[in-house]
Each structure stands twice: as C-alpha cells, then as structure tokens.
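The structure appears below as structure tokens.
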C-alpha cells in the first residue's frame with residue numbers, strides 16, 4: 001500500500017471519528033426525547049385508554065434513528081444518519097396479541 005493511500009485512509013478514519021463524536025451527542029439528545037415520548041405515551045394511555053398516533057410514529061422513527069446511529073458508530077454501515085440521509089419513516093404499530101408460546105416438549109416418563 002502506498003503512503004498516499006495510507007494517508008487518505010487515515011484522514012478518512014479521522015473524519016469518521018469526528019462524525020461519530022457528533023452523533024454521540026445527537027444520540028444523547030435523542031435518548032432524552034425518546035424518554036419524553038415514552039412517558040407521554042404512558043400518561044396518555046393511562047388517561048385516555050389509548051396511545052397517541054403522532055407519538056407512536058415519532059417514537060418509531062426516533063427509535064430507528066438511534067439504531068442508525070448505533071450501526072454507523074459500530075462500523076456496520078458507512079451511511080451516515082440524518083441529516084446526511086433521510087429521516088426514518090415510521091412503521092405501522094405492532095400492537096396485536098403475541099402468538100401463544102408452545103410449551104417445550106417434555107420428556108416422557110418410561111412406561112412400567
């Protein structure tokens with residue numbers, strides 16, 4: 001590998017480290033906002049008996065965004081999160097009943 005290639009890779013890594021530092025602080029802010037959404041949903045569920053649709057969408061998008069930051073920070077992707085890419089679209093809420101869990105097959109006792 002030539003010296004210029006190593007130098008370019010090193011500069012690229014330094015730039016990525018700076019982005020990671022910036023996104024670390026964004027992550028901290030996003031955690032606080034997500035906590036506010038969680039508490040607001042809890043209060044609204046207790047008072048109204050149902051969750052707020054706008055907060056459902058915000059919570060899902062924000063959760064995906066935090067996951068994007070984690071994937072970028074752990075080198076699972078080179079794609080930078082918002083504002084360098086699109087904000088994650090909220091997915092439909094998955095609030096249905098979980099399917100019943102089948103019990104593990106038990107060992108049969110030997111018949112006498």
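The values are calculated or read from the model by the stated rules, or taken from the named source; none is laboratory data. Worth saying up front: this structure is predicted, and the values here are computed from it rather than measured. Cβ sites come from the backbone with ideal geometry, for glycine too, and all protein chains shown count toward neighbours.
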- Query: Filter segment 39-58 for residues that are part of a loop (DSSP other than H, G, I, E, B) and surrounded by 12 or more Cβ atoms within 10 Å (Cβ to Cβ); which is modelled with the highest pLDDT?
  - Reply: 52
- The residue from 61, 12 that alone is modelled with pLDDT of 95 or more and at negative phi is 61
- Go through the residues of segment 99-108 one by one and say whether even a single one is in a loop (DSSP other than H, G, I, E, B), at pLDDT below 90 and within 27 Å of residue 54 (Cβ to Cβ). no
- Query: Are there any pairs, at least 6 apart or on different chains, whose C-beta atoms fall under 9 Å, with the first in segment 42-53 and under 20 Å from residue 92 (Cβ atoms) and the second outside any helix (DSSP H, G or I), and if so, which?
  - Reply: 44/50; 44/51; 44/52; 45/51; 45/52; 51/93; 51/95; 53/93
